[in-house]
Each structure stands twice: as structure tokens, then as C-alpha cells.
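Where a number appears in this text, it was derived from the coordinates with a stated rule and is not lab data. Since the model is a prediction, treat every value here as computed from it, not as a measurement. Every residue, glycine as well, gets a Cβ built from its backbone with ideal geometry; the counts of neighbours run over all protein chains shown.
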Amino acid sequence: MKNHDVDDGLTLFYLLGMPEIDLLGATLSYGNGTILEVQQMTQKLQARLQLDFSYYPTEKAVDFLVEQVNRFPNEITIIATGALTNLARAQEKDPAFFNKVQEVILMGGITQPLFVNQRPVTELNFSCDSLATEKVLLSQAKLTIMNGHMTAEAFFSKKELEDFLEAAGSLITSDKLRWIADSLQSWIEWNEEIFHYSGFCNWDMTTAVYLERPDLFSQEEYQLAGEQANLSKGQLTLAQQSDYLVKMPQKLLDLTSFNQLVIQRMVQGLTRSID
């Protein structure tokens with residue numbers, strides 16, 4: 001979508017290219033776009049690039065989540081890169097839902113004011129449905145939180161765009177590659193205008209990379225307070241001691257290796273889908 005983040009779509013490419021996982025499906029949520037806009041863009045993305053994945057909007061998303069964790073208890077990893085409404089509703093439908101999930105990797109949250117290239121940025125994913133976020137954070141599921149501060153380090157520059165286009169050039173048809181390139185270039189131009197740097201934060205991609213290569217991130221753990229009073233602003237409340245232990249990496253340790261893997265998996269995902 002014009003003037004909207006591209007990292008959700010790029011993360012999908014990555015997951016399609018990951019070996020040794022079975023992408024069961026994507027549930028649609030919202031953030032800086034309405035659920036209708038998300039559904040329309042997902043349909044367009046799938047049709048333009050011939051991507052092979054199933055997706056589920058609104059109530060179908062909740063049914064899908066509950067069905068899958070009951071079908072594969074303690075085998076499902078959920079990656080959440082938008083509002084957590086679907087997960088909270090899944091718990092409402094099946095109170096034991098999170099007990100059956102292997103891990104939940106979230107992108108969102110801040111622990112202090114967030115800045116990108118010295119410009120203040122508001123948190124989005126946790127704040128847009130703060131009640132759902134609190135339910136997930138206090139579910140005592142095995143949680144890993146990729147917060148806004150760390151994920152802002154996942155910088156995808158014009159150089160990475162050039163490397164991706166070179167790697168994909170002989171494998172993906174020109175019309176599809178051109179559409180992806182134009183989308184990424186437009187988003188880089190938007191970031192140049194707003195943040196004054198040539199690239200963008202690949203926020204959501206950190207979740208997929210963490211699933212495959214947790215060693216690329218630091219391994220801090222924190223305890224969350226039992227009341228999360230500031231989630232309307234996306235801010236997490238930490239505690240010295242509580243029952244709510246989460247992993248929350250503070251550093252991306254090797255940006256070069258991160259981006260090389262990102263490009264490799266995206267190309268594999270797009271190629272696999274086309275085949």
C-alpha cells in the first residue's frame with residue numbers, strides 16, 4: 001500500500017523460503033491499515049506474485065488458530081506482526097489455547113520513547129488493541145518480544161535492494177520483480193522524505209529471522225508487571241519479580257549476516273511460490 005510499511009509482506013516471502021517449516025497459514029490483522037485494506041492488499045499480493053499460502057480474515061482467523069493448535073499441540077509457533085486481536089479472541093474461544101502453543105514471537109512494544117534517526121515514532125502493533133495485547137502478554141505463553149528499539153536496527157538500505165534484485169533477477173519474471181522493486185523503492189523514498197535516510201526499518205522481519213537464527217540476537221529475559229497500564233502507547237511495564245517471564249532481545253548482533261539471510265530467504269520464497 002502506498003506510504004505503508006512493506007515489512008509484513010517481506011516477512012511472508014521469508015517464511016515461504018524457510019526450509020524445514022510448514023507455513024500453515026496467515027491470519028489477517030490490522031495496524032496502520034484497516035482490516036478491509038489488509039485483506040485487499042493480501043489478495044493483490046497473492047495474485048500478482050502467485051504466492052502459495054492460505055490466509056484467514058476476522059472470525060475465520062480465530063477458528064483457524066484454535067483448530068491448528070488443537071491439531072498440532074505444542075508444535076505451532078505463532079509469529080504476530082500486527083494487532084494481537086486474533087490471538088486474544090482465540091484464547092476466549094479456547095481458554096487453554098496458549099498452553100498448546102510452542103512459542104509466540106511478537107513484534108511490538110517499547111520500553112522508553114522510540115526514535116528513528118532522531119525522529120520520534122509512535123508504537124503501533126501493541127497500542128492499536130491494547131486490551132488484546134495485555135491478554136497475550138499475561139497469558140504465560142512462551143513469549144519472545146522483538147521490541148521497537150531493537151527492530152529499528154534491522155535497516156534495509158538501497159544497497160540491500162540492489163543485492164536482492166541482483167539475486168532474484170534470473171529467477172523471477174521481470175513483471176513480478178519490477179512490481180516488488182517499485183514497491184520497495186517507493187517505501188525507501190518515503191523514508192528519505194520523513195526520516196532522511198536511504199532505506200527502511202525491516203521491523204517485522206526480525207521475527208522470522210529469530211525463528212531460524214536466534215543466535216543473531218542478544219538473549220535478554222525480562223519480567224513483566226501483572227498490570228500493563230501504558231499499552232495504549234505500546235509501552236511495556238517491567239517488574240523486578242513477577243510470574244510473567246519473557247525473552248526480549250535488545251540487540252541485533254550482526255546486521256550484515258541478517259540482511260544476507262533475509263535476501264536469500266526472500267528469493268527462495270518467491271521462487272518456491274512461483275514453482
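What to note about this one:
- Between helix 174-195 and the chain: long-axis angle, C-alpha atoms, 0 to 90°, nearest 10: 60
- Using equal-weight Cα scatterers in the Debye expression, the normalised intensity of segment 108-234 in log10 at q = 0.12, 0.21, 0.22 Å⁻¹ is -0.59, -1.26, -1.32.
- Rounded tilt (10° steps) of 35-49 against the dominant C-alpha axis of the chain: 40
- For segment 207-224, the Karplus equation 6.51 cos²θ - 1.76 cosθ + 1.60, evaluated at θ = phi - 60°, returns couplings of 5, 5, 5, 4, 4, 8, 10, x, 5, 7, 10, 5, 10, 5, 10, 9, 10, 8 Hz by residue, with Gly and Pro reported as x.
- Per-residue [θ]222 nm for the chain (sum of -39500 (n - 2.57) over DSSP H runs n ≥ 4, rounded to 500): -14000 deg cm²/dmol
- Residues of type lysines that Lys233 reaches as a straight line, Cα spacing below 26 Å, ignoring anything fewer than 8 places off in the same chain: Lys2, Lys135, Lys142, Lys247, Lys251
- Residue of Ala168, Ala141, Ala239 that the Gaussian network model of the chain assigns the largest fluctuation, springs spanning Cα pairs under 10 Å: Ala239
- Close amide-amide hydrogen proximity is noted between Leu84 and Asp129, Thr133, each under 5 Å apart and 5 or more residues distant or on a separate chain (H modeled in the peptide plane; Pro and chain starts excluded).
- Prolate/oblate/rounded label for segment 68-140 (Cα gyration tensor, a/c 1.5): prolate
- A simple spin-label model places pseudo-atoms 7 Å from Cα toward Cβ; at Gln112 and Thr256 they are separated by 2.9 nm.
- Oblate is the label for segment 156-210, because a/c, from the alpha-carbon gyration tensor with a ≥ b ≥ c as root eigenvalues, is 1.5 or above and a/b does not exceed b/c.
- Taking amide H as placed 1.01 Å from N in the peptide plane, Tyr56 has its amide H under 5 Å from the amide H of Ala26, Thr27, Leu28, each at least 5 places away in sequence or on another chain.
- Among Ile194, Ile105, Ile76: highest mean-square fluctuation, GNM of the chain, C-alpha pairs under 10 Å: Ile194
- Global geometry of segment 1-128, whether rounded, prolate or oblate, following the gyration tensor of its Cα atoms and the 1.5 cut on a/c: oblate
- Sites Lys176 and Gln219 - FRET efficiency at Förster radius 45 Å, r taken between beta-carbons, to 0.05: 0.75
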